Amino acid sequence: MQLIQLIIDGVASGCIYGLVALGFVLIYKATETINFAQGDILMLGAFVAFSLIGVLGLNYIVGFALTVIIIAAFGFLLDATVIRQIIGQPPFATVMLTIGLGFIFRGFASIFWGTDIYSFSTPFSGKILQTSGLVISYVNLSIIIGTAILMIILFSFFTFTKIGVAMRASSENQLAAYYVGIPVKFIFSLIWSISAGVAAVAGVLLAPITLVDTSISLIGLKAFAAAVLGGFGSIPGAIVGGIIIGIVEQLCGTYENYIFEGVREISAYLVLILTLIIYPRGLFSDKAEVKKV
């Protein structure tokens with residue numbers, strides 16, 4: 001029974017990793033660049049939610065929706081005004097730019113919100129579900145259900161809407177998409193917007209568990225490992241990779257006395273290394289090449 005409990009808790013934390021990893025994958029599939037500021041965008045989402053819900057006292061659902069809209073708009077503007085300026089430059093330039101942006105975001109958060117640790121109440125705080133000997137917090141349930149709902153929404157968006165199909169076309173072949181009249185650069189900004197919105201969702205869902213401070217941006221490192229584990233470029237792989245890392249992390253944290261102390265903190269990277277030894281391209285690799293405009 002304890003094993004089942006640990007797996008459920010691991011799935012909940014893994015969903016957060018998976019959502020952030022999903023942001024990495026969406027941007028990489030479309031532009032072949034990696035946004036190392038993804039974890040910092042999650043942090044900004046958590047702080048914005050704290051301001052709206054904890055400070056201004058907005059309803060949780062309203063504050064949640066406004067947070068996603070604000071951070072998604074921020075992601076759109078970030079690409080349109082900053083990232084787009086280095087299109088055509090070596091990939092290393094984008095890596096360094098996003099790392100630098102991450103430092104800027106953390107610095108801004110420290111200046112604007114301070115260095116204290118914050119929290120805000122949610123409809124799920126302090127509530128648990130007991131069934132068959134299992135104790136499941138409503139917060140964990142909200143994370144799992146929220147992730148499932150978001151995946152359904154994204155699947156429907158990319159499958160059944162014109163904009164979603166245009167995004168898929170741009171990610172598969174930028175040059176062909178450009179020739180048939182798809183505004184590729186605008187689509188890229190939309191993808192950055194969606195990626196930022198997904199990170200905001202993860203930030204709001206995570207806030208009741210870890211509380212809100214600048215250190216939650218470090219989740220981006222484990223999420224990056226999840227994205228690579230799933231196969232960098234695979235959307236389902238990002239979620240699966242996150243869940244695998246979440247479960248392993250929970251198991252290592254509980255049984256670290258039988259392994260070695262501190263194994264929980266490095267378990268994500270150990271799993272990543274072992275997987276890549278067997279599957280160098282990740283579990284769900286996407287071998288398609290992207291032709292640039």
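Kindly state which helices (runs of 4 or more DSSP H) lie completely within the range 1-87 and contain at least 2 residues that are among the aromatic types (F, W, Y) and more than 26 Å from G237 (Cβ to Cβ).
Per the criteria, 60-81.
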### Query
So which residues in the range 165-181 are assigned to a loop (DSSP other than H, G, I, E, B) and β-branched (V, I, T)?
V180
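Does the range 130-139 include one or more residues that are in contact with a Phe, Trp or Tyr (Cβ under 9 Å, 6 or more places away or on another chain), on the phi < 0 side of the Ramachandran plot and in a helix (DSSP H, G or I)? Quick ask: steps written out before the conclusion?
Looking only at the range 130-139, we keep the residues that are in contact with a Phe, Trp or Tyr (Cβ under 9 Å, 6 or more places away or on another chain), and these are 137-139.
Restricting the remaining residues to those that are on the phi < 0 side of the Ramachandran plot gives 137-139.
Checking which are in a helix (DSSP H, G or I) leaves us with 138-139.
Yes, some residue in the range 130-139 is in contact with a Phe, Trp or Tyr (Cβ under 9 Å, 6 or more places away or on another chain), on the phi < 0 side of the Ramachandran plot and in a helix (DSSP H, G or I).
Would you mind stating whether L19 is surrounded by 23 or more Cβ atoms within 10 Å (Cβ to Cβ), touching a helix residue (DSSP H, G or I) at 6+ places or on another chain (Cβ under 9 Å), under 21 Å from Y269 (Cα atoms) and touching a residue at least 40 places away in the same chain (Cβ under 8 Å)?
yes
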### Selection within the range 182-217 - of a type in the set (V, I, T), closer than 27 Å to P123 by Cβ and part of a helix (DSSP H, G or I)
I194, V198, V201, V204, I209, T210, T214, I216
#### Entry: Residue list for the range 161-192, restricted to those being within 19 Å of D40 (Cβ to Cβ) and crowded, with 21+ Cβ neighbours inside 10 Å
I191, W192
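Can you tell me how many residues in the range 94-134 are touching a strand residue (DSSP E or B) at 6+ places or on another chain (Cβ under 6 Å), at pLDDT below 85 and surrounded by 12 or more Cβ atoms within 10 Å (Cβ to Cβ)? Give the derivation first.
Going through the range 94-134, the residues touching a strand residue (DSSP E or B) at 6+ places or on another chain (Cβ under 6 Å) turn out to be 118, 128-129.
Still in the list and also at pLDDT below 85: 128-129.
From what is left, the residues that are surrounded by 12 or more Cβ atoms within 10 Å (Cβ to Cβ) are 128.
The qualifying residues number 1.
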### Query
Can you name every residue in the range 245-287 that is small (G, A, S) and either touching a Pro at 6+ places or on another chain (Cβ under 6 Å) or over 23 Å from E32 (Cα atoms) (or both)?
G246, G253, G262, S267, A268
### Task
List the number of the failed condition for L283; all other conditions in (1) closer than 16 Å to D9 by Cα; (2) surrounded by fewer than 21 Cβ atoms within 10 Å (Cβ to Cβ) hold.
(1)
### Task
Using the structure shown, decide if V82 is β-branched (V, I, T) and buried (at least 21 other Cβ atoms within 10 Å of the Cβ).
no
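Condition test on Y269, is it among the hydroxyl-bearing types (S, T, Y) and at pLDDT below 85? Full working, then the answer.
Details: among the hydroxyl-bearing types (S, T, Y): yes; at pLDDT below 85: no.
Criteria not met by Y269.
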### Query
Regarding F76, is this residue touching a residue at least 12 places away in the same chain (Cβ under 8 Å) and farther than 22 Å from L218 by Cβ?
yes
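The values are calculated or read from the model by the stated rules, or taken from the named source; none is laboratory data. These numbers come from a predicted model, not from an experiment. All Cβ positions, even for glycine, are placed from backbone atoms using ideal geometry, and neighbour counts span all protein chains on display.
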